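Undergrad: Dropping a structure here in structure tokens format, bear with me for questions.
The values are calculated or read from the model by the stated rules, or taken from the named source; none is laboratory data. Computed from a predicted model, the values in this text were never measured in an experiment. For neighbour counting, all protein chains shown are included, and Cβ atoms are generated from backbone atoms with ideal geometry for every residue, glycine included.
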Amino acid sequence: MDGAQATPKVKTSVDDGVGIITLSDPGTLNAAGLDLMGDLTAAFEDFAYGDKVRAIVITGEGRGFCSGANLSGGGAGRPQPAAGPNQSLIGTFNPFVSALRKSPKPLVSAVNGVAAGVGVSLALAADLAVAAESAYFLLAFRRIGLVPDGGATWMLPRLVGKARAMELMLLGEKLPAKTAVEWGLINKCVPDADLMGAAMQYAHALADGPASLGLTRNLVWDALDSSWQAQLEAEAYAQGAAQRTTDAREGVMAFVEKRPAKFTGR
């Protein structure tokens with residue numbers, strides 16, 4: 001139909017300093033096609049680099065968080081050149097998960113249902129992850145003859161160790177949210193009805209915090225593949241940046257005056 005416009009597959013809202021990004025293609029369990037990824041990238045960049053919010057929550061609409069790449073609607077399963085890397089990963093998925101890792105603002109994922117394939121990577125790229133009791137994580141690439149992607153092979157061994165990472169990726173079995181907490185893959189598992197409340201509790205605590213939280217989360221991410229000496233130097237530079245913020249001055253003054261600090265994120 002002439003003049004018709006595609007419906008955005010990502011919704012956004014703001015709640016008291018928290019930006020909420022909702023994957024909104026419930027008919028596919030929010031499968032990550034290139035169209036959804038384009039909307040997701042735009043929403044993330046608006047919140048991460050604008051002045052609207054100080055923390056970000058990513059969740060899904062309906063029964064799924066993200067069911068993985070949309071193999072029928074454009075994604076990692078598209079026809080590829082005779083040789084070389086997967087172009088969808090190089091051009092779309094890898095830049096986005098890398099942007100999440102380098103986010104200047106803290107991130108929370110609220111996993112409301114299945115997180116499969118690259119959906120697992122999106123959930124785990126957050127700094128704090130909360131999942132509903134009915135949610136589960138699934139890396140079933142073996143069923144379609146592909147390999148885990150979106151940074152999963154980097155994150156999983158660091159989060160749960162080599163043995164469990166191999167189990168998840170080589171056997172391709174569901175990991176219930178409750179077990180994911182026990183393994184240290186995520187922070188919290190809550191009843192389905194309490195999911196957004198728990199995620200927002202985390203997010204508001206982050207949004208109310210000082211600007212240094214963004215520096216802290218980046219230090220921790222970088223530490224996962226940094227040397228001891230390099231990390232000490234990174235801490236020193238980050239501490240210098242933190243000390244120059246208005247929030248640091250407020251924090252010291254509040255300590256001296258024996259009152260709660262009122263941070264502004266600057």
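Undergrad: Taking the range 211-245 only, how many residues are in contact with a Lys or Arg (Cβ under 9 Å, 6 or more places away or on another chain), under 20 Å from G17 (Cβ atoms) and not β-branched (V, I, T)?
TA: 5
Undergrad: Next question, about the same structure. Would it be correct to say that M253 is among the aliphatic types (A, V, I, L, M) and without any contact (Cβ under 8 Å) to a residue 24 or more places away in the chain?
TA: Working: among the aliphatic types (A, V, I, L, M): yes; without any contact (Cβ under 8 Å) to a residue 24 or more places away in the chain: yes.
Yes.
Undergrad: Another one. Could you give every pair whose Cβ atoms fall below 8 Å, whose first residue belongs to the range 173-185 and is acidic (D, E), and whose second residue is assigned to a helix (DSSP H, G or I), counting only separations of at least 6 or pairs across chains?
TA: These pairs meet every condition: E173/E167.
Undergrad: A further question on this structure: Tell me the residue from E233, E167 that is at pLDDT 95 or above and not assigned by TED's automatic domain parsing to the domain that holds G117, please.
TA: Working: E167 fails: not assigned by TED's automatic domain parsing to the domain that holds G117.
Within the list E233, E167, the selection yields E233.
Undergrad: Filter the helices (runs of 4 or more DSSP H) completely within the range 179-266 down to those with at least 1 residues that are touching a Phe, Trp or Tyr at 6+ places or on another chain (Cβ under 7 Å).
TA: Those helices (runs of 4 or more DSSP H) span 246-256.
Undergrad: Based on this model, can you work out whether R249 counts as among the basic types (K, R) and under 18 Å from the mean Cα position of the chain (by Cα)?
TA: Judged against the criteria, R249 is not a match.
Undergrad: Which residues, taken from the range 117-151, are buried (at least 24 other Cβ atoms within 10 Å of the Cβ) and more than 12 Å from the chain's Cα centre (by Cα)?
TA: G117, A131, A135, F137, L139
Undergrad: Take A99 and tell me if it is assigned by TED's automatic domain parsing to the domain that holds M37, out of contact with any strand residue (DSSP E or B) (no Cβ under 7 Å at 6 or more places or on another chain) and at pLDDT 95 or above.
TA: yes
Undergrad: What number of residues within the range 108-148 satisfy the criterion of being among the charged types (D, E, K, R) and at pLDDT 95 or above?
TA: The total comes to 2.
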